[in-house]
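The structure appears below as C-alpha cells.
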Amino acid sequence: MATWLIYPPFADPTQPYLSLPYLKSCLKNKGFGATVLDLNVSAAHHLLGHGHIRECTRKIAGRFEDLNGQKKLSRFEAMEYVALADARMPARRLLTSGVLPVESFQDPGRFYDFGLYRQARNLAEDALTCTSAASFPFQFHFNRATHLGVPWSPDLLESYFQNRQSPLDGFYSVFFKDWPVADKDVVGINLTFISQIPEAFYLAQMLRQMKPAVFIVLGGSCLQQMLSHGTEASRRWVVTVADAACLLEGEETLPKLLQVLGRDISANDKDMHWKRLGEVPNLLFREPGGKLQTGPMHVSDLTSLPGPDYSDLDLDGYLAPERTLLFAPTRGCYWNRCAFCDYGLNRSQCHGYREMAADEAAIQLVRLSNEYGVRNFYFSVDVMAPKFVLDLARALIRRQADIRWSADFRMENYYTAERLAILYQSGLRAVAFGVESGSERVLKKMDKGISVPLIRKVNARFHQAGIATAWMTFSGHPGESVADALETTRLIEQEQNRIGQFILGNFGLTSGSLIAANPRQFGLKNVFYCRGDSFCQFPLYETGQPPKATPDDTLEKTVDRLSRAYFLDHYPWAGAISTHHSFLYVLKYGQQVFRSLAFSDSGKKGPPLKKSNLSLPPGLTLRPKFPIERLDREHQQAMQTYFQNALARTQDGMAPLDHNHFMRYLGAGNRK
C-alpha cells in the first residue's frame, strides 16, 4: 500500500508549497513512506508550453470563425465572442514568440533584466488569457479558477468533470497513464486555496473513475473552510467523491488513517474497521448506512513537529531563477481580534497561536538550507509573536545561518532600532504589514490594536534598518466613509518614500469572522448566501442604507494616481506583495526597487508581435462581423443589472444566483 500526496492546480508555480512536505515528514517520522506530487508546477509548464498554446489557439480560431459566421448571437454567445476576440492578439503573440515564459523565468540573465522579465510575464498572461477564452465560460489564472458568474457547487463541479471542461484534462490523462498508482493505495489531495477547488475535485472524480479501489482523502485549509461553513448536503458530497476528508490539521490524521487502512479486514471485522476509522482524529467520513462520522479533534504540537521534506520535488523546476522554500515555525495569530478576519482555524478555540522553540526552528532552517542548497525562505505564517521573532533571529545568528528571509509581521512598538538590527543581521530583508486603514476611527472599529502614529513610527524603523516593507490595506469596511478611505491613501502617500509596495483592496466579508457572526454590531442588516454557494465561501450582506445614485469616484482616482508612484502587479509576479519574484527583485535591487521601476520605461510595453512566416488559422485574422466594443459595453451593463437582482436577498433568506439561474438569464431573449 503506497501513499501519494497530490498538490493540484491552480496556485503559485514559482515555489513549492509546504503543506504536503510537512505531511511527508510527519509520516516518515512514524514509519510511513509517501510520495509528494506537485501537479501545479507541472500544469504550469503544460499551460505555458508550445503544445497547449497551439491547441488553445486552434480552439479560439475555430470557435471565433463559427460565431463570426452566424447571423445573430445569443447573449451567452456574445459574451464568448468578446472573450475570443480579446484572445486573438495574445494568441498571435504566443505563436510568433521565440522564447516562452518558463525559459525566461528560470534564466537569471533574463529574469533580472526587467524588460525581458516583463515580456515573459506578459506572455504568461497571454497564455492564461487564451486558456480562459478556449475554456469559456471558465476563467483561469495562477490564483483564480472560476466560472464566469457563479461560485463552485457540487452540481457545477460534477458537470465540470462529466463534460471534461478542465483545460488540463489532456494533461491529467497523460499523468494517469504513466502514474504507477495501484489498487488499495492511498491518495491524499491537498486543497489549500480556493483557486484549487475545481481541479482538486476533478482529480478526485477522475481517480475514482479510473481506480475505484484507491482510498482518496481530501485535506487543506480551503477544504476545512468549506466543511466548516458549508451545508450538510455539500459535506456529504465531499465524502462521496472522496472516501474521507480531514477536518482540521492532518499531521496526526494521516498516520492514524494509514494504520487503520493497513489492517487486513476479514468478513467478520468490518464493524471494527468502521469503529477504528471513527477513532482517527480530525477525520470526516461516511459510514455504510450513509451517516456522517467525525473523529476526535486533535491539535498538532509544533514543538515536536519535524521540518518539511521537499525531497520528492524538482526545486529547479519552478518558475524562478533561484530556489526558495517555505517554512512555518508558528501557526495562528497571537492578536486574533480583528473583526474582519478569520484565518479558518484561529477562532475554533483549539487552534490558537502556537510556536516552535526558536532554537529548534533555527536548526531546521539551517538543515533545510544545507540539504537543498537554498538561501531564500518565506515564513508561511499568519503572524509571528515579536519575542519569538527576536529569539529566532538570535538563534540563526549563533548558528551563522547564511539565509535571507521574509514574512508577515504585525505593527508593534517592540521592534526597536536595536532589535531590527538583529533581525537584519539574521537575514530578514522584507516584511508585509496588515496596516488595513489610515483612519483611527476605522482601526478602532476593526479592533486592530494599532494607531496611525504607531504605523508611521514602526514602518520608518524597518525602512531605516534596510528591511523592505509592504502595506496591505483595504477600503469598504462596514461603517467606513469615503473620507476614512482617503485617510488611508493620504497616509500611504505621505509615507511612500519608506514603503516598498502597497495594495488597497476592497472589503470582502469572510465566513467565520466577527462581522459575519455579529453583523448588526457593525451596522449590517443581514448576512446571507446565494443559492449556488453551497460551500458558503462568499457571504453577502445588506447595509440597510440605500445605494448612492452617483458613486463617488474620488477614491478610485486617488488610488490610480498613487499607484503610478510604484510598479505594482498582481500575484504571482514581481510587483505583487509577498511573492517569490518580488522578494528576488528586492534582494537584487534593494528595498525600494518597485518605486524606482515606476519611473523606468523598462518592461512597460508588452512583447512585440513579430513578423513570421507561420501560417495563422483564419479565425485569428478574420475581420469581426459583430461590433466588439458595443457587445462588450452591452455585456457589462447587462451583467451589472443582472447581478444587482441575482445577488439580492429574497423572502427565503437567500439570493437567487446559481448556475441554472445564470444560464437561464443568458439564454433568454432572441439572438441579437
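The values are calculated or read from the model by the stated rules, or taken from the named source; none is laboratory data. Everything quoted here is computed from the prediction, not taken from an experiment. Heads up, the Cβs are rebuilt from the backbone with ideal geometry, glycines too, and the neighbour counts pull from every protein chain shown.
Taking interchain pairs and intrachain pairs at least six residues apart, which have beta carbon atoms under 8 angstrom, with the first residue in segment 9-32 and touching a residue at least 60 places away in the same chain (Cβ under 8 Å) and the second assigned to a loop (DSSP other than H, G, I, E, B) and among the β-branched types (Val, Ile, Thr)? Taking only residues 6 or more apart or on different chains, the pairs are Ala11/Thr192; Asp12/Thr579; Thr14/Thr579; Tyr17/Thr192; Ser19/Thr192.
Restrict the check to segment 422-435 and report whether at least one residue is surrounded by fewer than 17 Cβ atoms within 10 Å (Cβ to Cβ), farther than 22 Å from Cys338 by Cβ and of a type in the set (Gly, Ala, Ser). No: zero hits. Of the numbered criteria (1) surrounded by fewer than 20 Cβ atoms within 10 Å (Cβ to Cβ); (2) more than 22 Å from Ala430 (Cα to Cα); (3) over 25 Å from the mean Cα position of the chain (by Cα), the one Phe285 fails is (1). The set of residues from segment 236-268 being without any contact (Cβ under 8 Å) to a residue 40 or more places away in the chain, exposed (fewer than 13 other Cβ atoms within 10 Å of the Cβ) and not aliphatic (A, V, I, L, M) comprises Arg263, Asp264, Ser266, Asn268. Taken over segment 462-487, the criterion of being farther than 19 Å from Val431 by Cα and of a type in the set (Ser, Thr, Tyr) is satisfied by Ser475, Ser481.
Consider Phe583 carefully, then state whether it is in contact with a Gly (Cβ under 9 Å, 6 or more places away or on another chain), modelled with pLDDT of 95 or more and buried (at least 20 other Cβ atoms within 10 Å of the Cβ).
Judged against the criteria, Phe583 is not a match.
Quick check on segment 618-637: of everything there that is basic (Lys, Arg) and free of Cβ contacts under 8 Å to residues at least 40 places away in the same chain, which residue is surrounded by the fewest Cβ atoms within 10 Å (Cβ to Cβ)?
Arg623
Scanning segment 127-148 for residues that are free of Cβ contacts under 8 Å to residues at least 40 places away in the same chain and either part of a helix (DSSP H, G or I) or in contact with a Cys (Cβ under 9 Å, 6 or more places away or on another chain) (or both) returns a single hit, Ser135. Within segment 341-355, is there a residue that is more than 30 Å from Val238 (Cα to Cα) and in the same structural domain as Met446 (by TED's automatic domain parsing)? Checked segment 341-355: at least one residue is more than 30 Å from Val238 (Cα to Cα) and in the same structural domain as Met446 (by TED's automatic domain parsing). In this structure, Asp652 does not qualify as touching a helix residue (DSSP H, G or I) at 6+ places or on another chain (Cβ under 7 Å) and modelled with pLDDT of 90 or more. Listed conditions (1) under 21 Å from Phe567 (Cα atoms); (2) surrounded by 14 or more Cβ atoms within 10 Å (Cβ to Cβ); (3) over 28 Å from the mean Cα position of the chain (by Cα) are all met by Phe502, apart from (3).
Only one of the numbered conditions (1) assigned to a loop (DSSP other than H, G, I, E, B); (2) under 17 Å from Val458 (Cβ atoms) is violated by Gln400, and that is (2). Counting only residues that are surrounded by fewer than 18 Cβ atoms within 10 Å (Cβ to Cβ) and touching a Gly at 6+ places or on another chain (Cβ under 8 Å), segment 505-525 holds 4 of them. Determine whether segment 339-351 contains at least one residue that is among the polar types (S, T, N, Q) and touching a Gly at 6+ places or on another chain (Cβ under 8 Å). The answer is yes, given that some residue of segment 339-351 is among the polar types (S, T, N, Q) and touching a Gly at 6+ places or on another chain (Cβ under 8 Å).
Taken over segment 12-38, the criterion of being among the polar types (S, T, N, Q) and in a loop (DSSP other than H, G, I, E, B) is satisfied by Thr14, Gln15.
Of these, Leu95, Leu23, which one is over 30 Å from Leu223 (Cβ atoms), of a type outside the set (D, E, K, R) and out of contact with any Pro (no Cβ under 6 Å at 6 or more places or on another chain)?
Criteria check complete, one pass: Leu95.
If you filter segment 66-110 down to residues that are crowded, with 22+ Cβ neighbours inside 10 Å and among the aromatic types (Phe, Trp, Tyr), you find that the one that is farthest from Leu622 (Cα to Cα) is Phe105.
Yes/no per residue for (1) part of a loop (DSSP other than H, G, I, E, B); (2) more than 17 Å from Ser534 (Cβ to Cβ); (3) acidic (Asp, Glu):
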{"position": "Arg208", "(1), (2), (3)": "no, yes, no"}
{"position": "Ala213", "(1), (2), (3)": "yes, yes, no"}
{"position": "Ile216", "(1), (2), (3)": "no, yes, no"}
{"position": "Gln224", "(1), (2), (3)": "no, no, no"}
{"position": "Leu227", "(1), (2), (3)": "no, no, no"}
{"position": "Ser234", "(1), (2), (3)": "no, no, no"}
{"position": "Trp237", "(1), (2), (3)": "no, no, no"}
{"position": "Leu248", "(1), (2), (3)": "yes, yes, no"}
{"position": "Gln259", "(1), (2), (3)": "no, yes, no"}
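Criterion applied to Ser426, Ser437 was being under 30 Å from Leu325 (Cβ atoms) and at pLDDT 95 or above, and the one residue passing it is Ser426.
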